[in-house]
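Okay, so here's the structure we're looking at.
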Amino acid sequence: MSETARLILDGKEYEFPVITGAENEKAIDISKLRATTGYITLDYGFKNTGSTQSAITYLDGENGILRYRGYTIEELAEKASFLEVSYLLIYGELPNTKQLSYFQESITHHTLVHENMKSFFEAFPPGAHPMGMLSSMISSLSTFYPDSQNPNRSVVDIEKTIHRLIAKLPTLAAQAYKHNMGHPIVYPSNDLDYCGNFLKMMFALPTEDYEANPIVESALNKLLILHADHEQNCSAATVRVVGSSQANLFSSVSAGIAALWGPLHGGANQAVIEMLESIKEDGGNLQKWVDKAKDKTDSFRLMGFGHRVYKNFDPRAKIIKKAADEVLAQLGVDDPVLDIAKELEQVALNDPYFVERGLYPNVDFYSGIIYRALNIPTDMFTVMFALGRLPGWIAQWKEMHENNEPIGRPRQVYIGANERSYLPIDQRG
Ligand code: ACO
């Protein structure tokens, strides 16, 4: 017999189906709640609300488990390439040799962006935040590919849009960086793989030969995999909601980039390094900053600590911490900011305030340290996150369409003024 949940309202009993997920997660299906009872649920920040049934990513925050399509993040970060993981997320299975080579070729084939886009970059002021540029550029791709504007075209057309987006995001990200550096853009190289090509577009100069350091390339591959999806987070939920209005993929992902930018989400990686630098400049008194974070009259939070779903540890942070140690040792980088990060972690982890609230370092705490070691400037950190998260956004958008999900449109409890009459201006207080 299937389980049901009983709800008593105004003395009347109602029954709602209980849904059980593949990993025994339980949900009460309240989709008929308003129609049958007249009530809605109220859940600020959707802390208890499942917005969909998804087969992409499994996350167990209590036990620090993260799996893409059933594969653990640990195994994928160790063994896979970012494009393999992208294929897995978007199409549901790891590609065989033929599928991977077709996917890689198609992505390589689409890396160039229209030359007119150069004039968009020229119009941005020097020092423009690259996330602002990236979000605008991705949205503008829909104007170059009018066919992409109908998200219900054939599977082949949608696939082309998906491949274009994966191919062009690194090109545009690198161009945003070059714009701020005042350097000429570097066109994509079809003989390089995804990470190698991106690094070349970022760091090659017309004055010298460029070859990516394999340590850097491998660290980048790992970081992108670790960021590739995280189920219904703020930006993925944004992509799904925007896409649910039948907005095209480019615009939906552009909205996801905007959502990621905030310091409480992906923007935290930039905020972490800025915070660590401020602590260093302030003399390195860690306790002072920890006390500030605990002070409820102070809006300061320890950036890189805490997570909506991970309350014991963030499995990605564990992998990144190890990778950061390895990369810094291999590249011979001695970063005092890393020492502050390590000390801060210890102070916070031993403080009852952080322990009681389950506040542990998240993925953003250590990713910035690696990006610094790879010579990526601080304001590009969230762009790096966006590069990694792209296949997740695409997979979420595609699944939402394939499920024929309705337009996302939450309800509210109105608490404003009751009906009142318009007063002429001279009678208002
Ligand atoms: N520093 C100090 N206190 C914190 C922090 C922090 N970083 N994070 C949470 N708290 C406290 C809150 O003040 C609250 O305390 P209270 O119970 O006394 O009121 C309690 O911990 C619970 O915090 P909430 O804000 O309710 O938790 P929520 O799940 O809504 O927020 C979030 C999660 C946004 C990540 C939060 O922990 C935060 O702001 N962290 C810092 C920013 C950050 O690192 N973001 C990156 C997240 S990872 C990612 O998006 C990839």
For this session: Please go through the residue pairs K12/K32; K222/K292; K222/K318; K47/K222; K322/K398; K118/K200 and name each one whose alpha carbons sit more than 22 Å apart in this structure.
Result: K222/K292; K47/K222; K322/K398
Exercise. Rounded to whole Å and sorted largest first, what semi-axes of the equivalent ellipsoid does the C-alpha gyration tensor of the chain yield via the square root of 5 times each eigenvalue?
Worked result: 36, 29, 25
Problem set entry | Candidates D325, D191, D60: whichever shows maximal mean-square fluctuation once the chain is modelled as a Gaussian network with Cα springs under 10 Å | D191
Exercise. Using Cα pairs under 8 angstrom and six or more residues apart, how large is the relative contact order of the range 1-148, in percent?
Worked result: 8
For this session: Just read off the accessible area of V355 with the full protein assembly in place, 1.4 Å probe, to the nearest 10 Å².
Result: 80
Exercise. Quick one: in the range 4-50, what % of C-alpha pairs are over 11 Å apart?
Worked result: 72
Exercise. Can you give me the relative contact order of the chain as a percent, contacts being Cα pairs under 8 Å and 6 or more apart?
Worked result: 19
For this session: Leaving ligands, DNA and RNA out of it, work out the accessible area of E122 with a 1.4 Å probe and give it in Å² to the nearest 10.
Result: 140
Problem set entry | Solvent-accessible heavy-atom area per residue, rounded to whole Å², over the chain at 1.4 Å | 51
Exercise. Remind me, relative contact order of the range 4-50 in percent, using alpha carbon pairs under 8 angstrom and six or more residues apart?
Worked result: 24
For this session: Give me the percent of the accessible area of the chain that comes from carbon and sulfur atoms, probe 1.4 Å, all protein chains in place.
Result: 51
For this session: Provide the FRET efficiency to the nearest 0.05 for the D339-F300 pair, computing r from the beta carbons and using R0 = 22 Å.
Result: 0.55
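The values are calculated or read from the model by the stated rules, or taken from the named source; none is laboratory data. Since the model is a prediction, treat every value here as computed from it, not as a measurement. Virtual Cβ from ideal backbone geometry, glycine too; neighbours counted across all protein chains shown. All accessible areas refer to the heavy atoms of the entire protein, side chains included, with ligands and DNA or RNA removed. Shrake-Rupley method; radii C 1.70, N 1.55, O 1.52, S 1.80 Å.
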